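The values are calculated or read from the model by the stated rules, or taken from the named source; none is laboratory data. Nothing here was measured: the structure is a model prediction, and the numbers come from that model. Using ideal geometry, Cβ is built from the backbone for each residue, glycine included, and neighbour counts are taken over all protein chains shown. What goes into the accessible areas is simple: the full protein's heavy atoms, side chains included, and nothing from ligands, DNA or RNA. Shrake-Rupley method; radii C 1.70, N 1.55, O 1.52, S 1.80 Å.
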Amino acid sequence: MALERLLDDPASLGEIQDRTPRLSRGLGPLDDVFSADLAQDLLFGRGLRAPYVRLLRDGRELDVRPVRAGQGATGGRGGAVAEHRQLSGLADPHHVLAQVAEGATMVLQSLSLYCPEVAAFCEELAAETGYPVSPTAFLTPPGSQGAAPHYDLSGVFVRQLAGAKTWRVRAPRQTLPVMRGRAGDVPDTPVVMEVRIEAGDCLYIPRGFYHEGRTGEEGSVHLSFSEGTEDAWVGLLHDLVDLATHEREALRTRLPALPDVMAGRSRQEWHTVRDTLIDHLRALGDEKVAALIVRRTRARQAPSAPAPGVLADRLALAPRAATPTDS
């Protein structure tokens, strides 16, 4: 089970989800899913572009490409390479490593799209929890902080793979927020947890809980698995209002003129719109609502890779005949 590699008591997920931070220790290694060596292979071998690779330092975003004076389009071979990276958006892996050495955190986003090991783990986790999963890797050098204090709009499992990081978690300003706050804007709410997690540990941070992590004498590699869905009932209500607007003319009528509003003559029009929407919602069948929920959830799921040979079939390529050297 993937979940038992993130939570010491998988059956407790329903109790803590969106509500209570939870620390699980001694869950064992996760090197089969991700590691610093794999991150280096991805950085140097996959031609990653921003924003798949990012650099953060003390809450500031750094460029993943160097800006070198005198290296333009006519700057020789080095200039051509620099221009190619600027035009294509490719990260410069040597520049990224240099920035990490100076204190920046390397962030690899949307790992499911280009890292099969992480993608397989996330598929298993999604099947167990019923929610799509969004993975991100954070690689932080000693004595550093990457992201500014912030909260997420979905619950997050912070799975420590190597090194250690100290986390401070604060209670939310608003329970179950649906709007993002400003990064670095820390509320004067109680600190509910301050803990150092090491390789094999995992910290669950609920939606809306402010958090920040910092390394000490050693660096850190961790994977963040967010539930991948930032949906709430209010999002479904937006869908339902759009549907009602398409079907009910009263919702498409023009707003009253300002003098009518100031004179109180808009009241009856509003009552008509309100009652029309309520009647529409009451008339919806449960099956229709369930179908809309499924559609919103599936829209956030990364599609699975097709079986081998699908592209060749699309290209109508004949199978390659075996040769003596193939055996």
Exercise. Could you work out the equivalent-ellipsoid semi-axes for the stretch 153-289, taking the square root of 5 times each eigenvalue of the Cα gyration tensor, largest first, in whole Å?
Key: 47, 19, 11
Quiz prompt | Hydrodynamic radius by Kirkwood, which averages 1/r over all alpha carbon pairs of the stretch 254-313, in angstrom | solution = 16.2
Quiz item: Where does the charge balance sit around GLY143 when Lys and Arg score +1, Asp and Glu -1, over other residues with C-beta under 13 Å from its C-beta?
Solution: -1
Quiz item: Counting only protein heavy atoms and using a 1.4 Å probe, what share of the accessible area of the chain belongs to carbon plus sulfur, as a whole percent?
Solution: 53
Quiz item: Longest segment of the chain with no trypsin sites (Lys or Arg not before Pro) in a DSSP loop having at most 10 other Cβ atoms within 10 Å?
Solution: 1-181
Quiz item: In the stretch 18-52, which chymotrypsin sites (Phe, Trp or Tyr not before Pro) are in a loop and have at most 10 other Cβ atoms within 10 Å, using DSSP for the loop call?
Solution: none
Quiz item: Dipole of the chain, Cα-centred, from +1 at each Lys and Arg C-beta and -1 at each Asp and Glu C-beta, to the nearest 20 debye?
Solution: 1060
Practice problem: Let me know the whole percent of all Cα-Cα pairs from the stretch 1-57 that are separated by more than 18 Å. | Solution: 56
Self-check item: Separation of the VAL294 and ASP31 label points, Cα + 7 Å toward Cβ, nm
Solution: 4.3
Quiz prompt | Interchain or long-range residues, amide H under 5 Å from ALA162's placed H | solution = VAL221
Quiz item: Cα convex hull of the stretch 101-161: how many Å³ per residue?
Solution: 106
Quiz item: Among LEU237, LEU55, LEU13, whose mean-square fluctuation peaks in a Gaussian network model of the chain (Cα, cutoff 10 Å)?
Solution: LEU237
Quiz item: Looking only at GLY89, GLY285, GLY26, which one moves most when the chain is put into a Gaussian network model with springs between Cα atoms under 10 Å?
Solution: GLY285
Exercise. Show that you can apply the helix-only estimate: for the chain, add -39,500 (n - 2.57) for every DSSP H stretch of four or more residues, divide by all residues, and state [θ] at 222 nm to the nearest 500.
Key: -9500 deg cm²/dmol
Exercise. Work from the charge dipole of the stretch 192-252 (Cβ charges, +1 for Lys and Arg, -1 for Asp and Glu, about the Cα centre) and give the residue of VAL195, SER220, TRP233 farthest towards its positive end.
Key: TRP233
Practice problem: Calculate the length of the line joining the C-alpha centroid of the stretch 118-156 to that of the stretch 163-178, in whole Å. | Solution: 14
Quiz prompt | Dipole-positive endmost among LEU38, PRO172, LEU255 within the chain (Cβ charges, Cα centre) | solution = LEU255
Exercise. Could you check the simple spin-label distance between LEU243 and GLU15, using points 7 Å along Cα→Cβ, in nm with one decimal?
Key: 3.6
Self-check item: Within the chain, longest stretch clear of exposed GluC sites (Glu not before Pro) (DSSP loop, no more than 16 other Cβ within 10 Å)
Solution: 103-216
Exercise. Compute the normalised compactness of the chain: alpha-carbon radius of gyration over 2.2 N^0.38 Å, N being the residue count.
Key: 1.26
Self-check item: 1.4 Å probe accessible area per residue over the chain, in Å²
Solution: 58
Quiz item: For TYR131, what charge total do you get from the other residues with a beta carbon under 10 Å from its beta carbon, if Lys and Arg give +1 and Asp and Glu give -1?
Solution: -2
Quiz prompt | Radius 15 Å from Cβ of GLY45, net charge of other residues (Lys, Arg +1; Asp, Glu -1) | solution = -2
